[in-house]
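For reference, the structure discussed in these notes is given below.
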Amino acid sequence: MATLTKPHRSPKVGRLVARISPDDKAMIAWAAALAGQSVGGFVLAHARKAALETLEARERIMLNAAQSRRFVEALLAPPRAPSPALLEAARAYRATVKSDVH
């Protein structure tokens, strides 16, 4: 994810087009002027920020206190014995998959 947070410096060859209302266009142009940026630079900077926030939120798992406690307990618990279905799946895997590991 670190590569997404750094500004992208490669040549700009892509194009982004959006149809917006005159009111939205005027508001964005005004905000860009107040920020001392071009409209394109302003839109790109804020779209990039929103994209990063969306990606980071989707990649992060949020647990409440009870869920966190159950997760840690599951990690620390001794392993359960394998089920018959798991044992059969392992046998079938070994019988059909060739491995170079000895």
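In a shell of Cβ-Cβ distance under 12 Å around Val39, excluding Val39 itself, what net charge do Lys and Arg (+1) and Asp and Glu (-1) give?
On the way: positive: Lys25; negative: Asp24.
Residues near Val39 contribute 0 overall.
Mind counting lysine pairs for me in the chain? Cα separation below 27 Å, and the two need to be 8 or more apart along the chain or on different chains. It would help to have the intermediate numbers written out before the result.
Values: Lys6/Lys49; Lys12/Lys25; Lys12/Lys49; Lys25/Lys49.
So the count of such lysine pairs works out to 4.
Under 20 Å from a label point 7 Å along Cα→Cβ of Ala74: give me every residue in segment 48-64 with its amide N that close.
Residues passing the 20 Å test: 58-64.
To the nearest 20 debye, what charge dipole does the chain have about its Cα centre, counting +1 at the Cβ of each Lys and Arg and -1 at the Cβ of each Asp and Glu? If you can, show how the numbers build up before the last one.
Working: 16 positive and 8 negative charges, 50 e Å.
For the chain, the charge dipole is close to 240 debye.
Given points 7 Å out from each Cα along the Cα-Cβ axis, report the Lys98 to Met27 separation in nanometres with one decimal.
Placing both labels 7 Å beyond Cα along the Cβ direction yields 6.4 nm.
Classify segment 58-102 as rounded, prolate or oblate, taking a ≥ b ≥ c as the square roots of the eigenvalues of its Cα gyration tensor: rounded when a/c is under 1.5, otherwise prolate if a/b is larger than b/c and oblate if not. Walk me through the numbers on the way to the answer.
On the way: a/c = 3.27, a/b = 2.12, b/c = 1.54.
In terms of gyration-tensor shape, prolate.
Please quote Rg/Rh for the chain to two decimal places, taking the Kirkwood radius as Rh and restricting both calculations to Cα atoms.
Details: Rg = 25.7 Å, Rh = 20.0 Å.
In the chain, Rg relative to Rh is 1.29.
What residue among Val39, Ile61, Ala85 has its Cα farthest toward the positive end of the dipole of segment 16-102, where the charges are +1 on Lys, Arg and -1 on Asp, Glu, each on the Cβ?
In segment 16-102, that residue is Ala85.
So if we plug the beta-carbon distance of Gln67 and Ala90 into 1/(1 + (r/R0)^6) with R0 = 25 Å, what FRET efficiency do we get, rounded to 0.05? All intermediate terms of the calculation are to be shown ahead of the outcome.
Numbers: r = 30 Å, r/R0 = 1.21.
The formula returns an efficiency of 0.25 here.
Since every read-out is calculated from the coordinates, none of them should be taken as a lab result. Owing to the predicted nature of the structure, the values given are computational and were not obtained by experimental measurement. Cβ: placed from backbone, ideal geometry, glycine included. Neighbour counts: every protein chain shown.
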